[in-house]
Amino acid sequence: MPVAAHPSEPTPDGTTALDPTEDTPAPAVSAPMRAAKVRAYTEHTTVGQVETTPDGRVTIACACGMVLTNGPTWSVDEHIRLHRAEARFLALADVAPAGIPRLVAWPLADVPR
């Protein structure tokens, strides 16, 4: 692969390349972001057994204390996935570098952290 004059300049084939004389690039994910992701993962795992309530709903507990359940238009699996995604978002958004462009204004005013 041809080496670009500068790491951010594309080569003729459209890719970018690092100049071997420059320092090694920083890791793709910073230590605080990696730690936040791990924390969100470990604090939001399902625990116990799936249970069926008398009214027919399916539930399972999360390590954070929330009970995840199905609803009229969603499955318990969808609730688990949304719960974990929200936990990851909150954890990562809280430690993201200042000034990083965002899709959602941060901090969120009504979310306890």
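I'd like to check something: does segment 75-84 contain any residue that is among the acidic types (Asp, Glu) and either surrounded by 13 or more Cβ atoms within 10 Å (Cβ to Cβ) or modelled with pLDDT of 95 or more (or both)?
Start the filter on segment 75-84 by keeping residues that are among the acidic types (Asp, Glu), which leaves 77-78.
Subsequent filtering for residues that are either surrounded by 13 or more Cβ atoms within 10 Å (Cβ to Cβ) or modelled with pLDDT of 95 or more (or both) retains 77-78.
Scanning segment 75-84 turns up at least one residue that is among the acidic types (Asp, Glu) and either surrounded by 13 or more Cβ atoms within 10 Å (Cβ to Cβ) or modelled with pLDDT of 95 or more (or both).
State whether the residues of segment 26-49 include one that is at pLDDT 95 or above, open to solvent by 90 Å² or more (accessible area, probe 1.4 Å) and assigned to a loop (DSSP other than H, G, I, E, B).
Scanning segment 26-49, I find no residue that is at pLDDT 95 or above, open to solvent by 90 Å² or more (accessible area, probe 1.4 Å) and assigned to a loop (DSSP other than H, G, I, E, B), so the answer is no.
Among the residues of segment 59-69, count how many are in contact with a helix residue (DSSP H, G or I) (Cβ under 8 Å, 6 or more places away or on another chain) and open to solvent by less than 40 Å² (accessible area, probe 1.4 Å).
Residues of segment 59-69 in contact with a helix residue (DSSP H, G or I) (Cβ under 8 Å, 6 or more places away or on another chain): 59-60, 62-64, 66, 68-69.
Retained after the next criterion (residues that are open to solvent by less than 40 Å² (accessible area, probe 1.4 Å)): 59-60, 62, 68-69.
Number satisfying all stated conditions: 5.
The values are calculated or read from the model by the stated rules, or taken from the named source; none is laboratory data. These figures come from a predicted structure and were not determined experimentally. With ideal geometry, Cβ positions are generated from the backbone for all residues, glycine too; neighbour counts draw on all protein chains shown. SASA here: full protein model, heavy atoms, side chains in, ligands and nucleic acids out. Shrake-Rupley method; radii C 1.70, N 1.55, O 1.52, S 1.80 Å.
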